[in-house]
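The values are calculated or read from the model by the stated rules, or taken from the named source; none is laboratory data. Bear in mind the structure is a predicted one, so any value in this text is a computation, not a measurement. Methodologically, a virtual Cβ is constructed for each residue, glycine included, from the backbone with ideal geometry; neighbour enumeration extends over all protein chains shown. Side chains are part of the model used for accessible areas, which takes the heavy atoms of the whole protein and leaves out ligands, DNA and RNA. Shrake-Rupley method; radii C 1.70, N 1.55, O 1.52, S 1.80 Å.
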Amino acid sequence: MHILVLAGPQMAAEFRQKFPETSNGTQFTFLQSHSIIDEQLGPSDVVFDFLLHQEPERLSLYSPEQVVFCNAATIQLAALVKASGVKKPCTLIGFNGLPSLFNRPVLEVSLFDKSSESKLIEVCNELGAEYLIVADRTGMVTPRIICMIINEACYTLQEQTAGIEDIDLGMKLGTNYPKGPFEWANLIGIENVYNVLQAVYEDTKEERYKVCPLLKAKYLKGEKFEL
């Protein structure tokens, strides 16, 4: 099996951590460019495309026979296919491709078509990966929940009810979460958190996903939370 990974340096490194190259015959090719030519796509049985959600029109570059895993943290697969204009897409599988949330014991995935599950099983068996199928919804499950928690923590900080250190510690002690909301925000990336919340809010119009002004300010200024 040949796997093409289209990702920036950070997620390429996280991919290598989750799926180190083994001697089982699986080959990996890593690219950072959005411009994929047929010669690069041709030999790839499977593609992990961390960038496809930014340019849905690139879906047309993949043949119906290819299995393409798409970072679906901010977009519903059905919406991606609609935006691409492709009538007969490849075998499309969504995955949670956010920093620090990709390299976990269980791969969170969604399916555009239920018939794709057999291909999902085949690829995951090849990679030795456990997976969990979630509904094809904007924000999936883990990104939606964690980003909502981060947003609520930002409101608490904005109202000066508690400080960053106390909120992080309270979350870890009270819920047994491995990280506090501000630690998670920095690891996932403020921009990514903002984008997930914006996408989910546009999809649901639920107030709990409306971006806190403090978080928006951090996003606009390109700042992290000072832990």
Given the chain, what percent of its DSSP beta bridges are antiparallel, to the nearest 5? 10
Sorted by accessible surface (1.4 Å probe, heavy atoms of the protein chains only), largest first, Leu111, Leu173 come out as Leu173, Leu111
Near Asn24, within a Cβ-to-Cβ distance under 14 Å, what is the net charge of the other residues, with Lys and Arg +1 and Asp and Glu -1? -4
At 222 nm, what helix-only mean residue ellipticity would the chain give, in deg cm²/dmol to the nearest 500, using -39500 (n - 2.57) for each DSSP H run of four or more? -12500 deg cm²/dmol
Accessible carbon and sulfur surface of the chain relative to its total accessible area, %, 1.4 Å: 50
Kindly provide the trypsin sites (Lys or Arg not before Pro) of segment 29-132 that DSSP labels as loop, not H, G, I, E or B, and whose Cβ sees at most 16 other Cβ atoms within 10 Å. Lys87
Long-range amide H contacts for Phe48: which residues qualify at under 5 Å (H placed 1.01 Å from N, peptide plane, sequence gap of 5 or more or a different chain)? Leu4, Val5, Leu6, Phe69
Report, please, the projected area of segment 104-227 averaged over directions, based on the convex hull of its C-alpha atoms, in nm². 8.8
Set the Förster distance to 45 Å, then compute FRET efficiency between Glu57 and Glu207 from the Cβ-Cβ distance, nearest 0.05. 0.85
Of Asn103, Thr91, Met140, farthest towards positive along the dipole that unit charges on Lys, Arg, Asp, Glu beta carbons give the chain: Met140
Relative to the Cα centre, what is the charge dipole magnitude of segment 1-146, using +1 at the beta carbon of each Lys and Arg, -1 at the beta carbon of each Asp and Glu, and rounding to the nearest 20 debye? 440
Across every pair of different alpha-carbon atoms, what Kirkwood hydrodynamic radius in Å does the chain reach? 18.4
Pairwise over distinct Cα atoms, reciprocal of the mean inverse distance: report the Kirkwood radius of segment 173-223 in Å, one decimal place. 11.8
Tally Lys/Arg at +1 and Asp/Glu at -1 over every other residue whose Cβ is under 13 Å from the Cβ of Gly222; what's the total? +2
Can you classify segment 73-162 as rounded, prolate or oblate using the Cα gyration tensor, where a ≥ b ≥ c are the square roots of its eigenvalues, rounded means a/c under 1.5, and otherwise it's prolate if a/b beats b/c and oblate if not? oblate
Sequence of Ile190, Ile133 from largest to smallest accessible area, 1.4 Å probe: Ile133, Ile190
At most 15 other Cβ atoms within 10 Å and a DSSP loop assignment: could you name the GluC sites (Glu not before Pro) in segment 104-192 that fit? Glu159
Determine the order of Arg144, Arg208 by accessible area, beginning with the largest, at a probe radius of 1.4 Å. Arg208, Arg144
Full-extension gain in nm, Gln32 to Thr175, via 0.36 nm per residue minus C-alpha separation: 47.7 nm
Segment 162-227 - percent relative contact order, Cα under 8 Å, separation 6 or more: 31
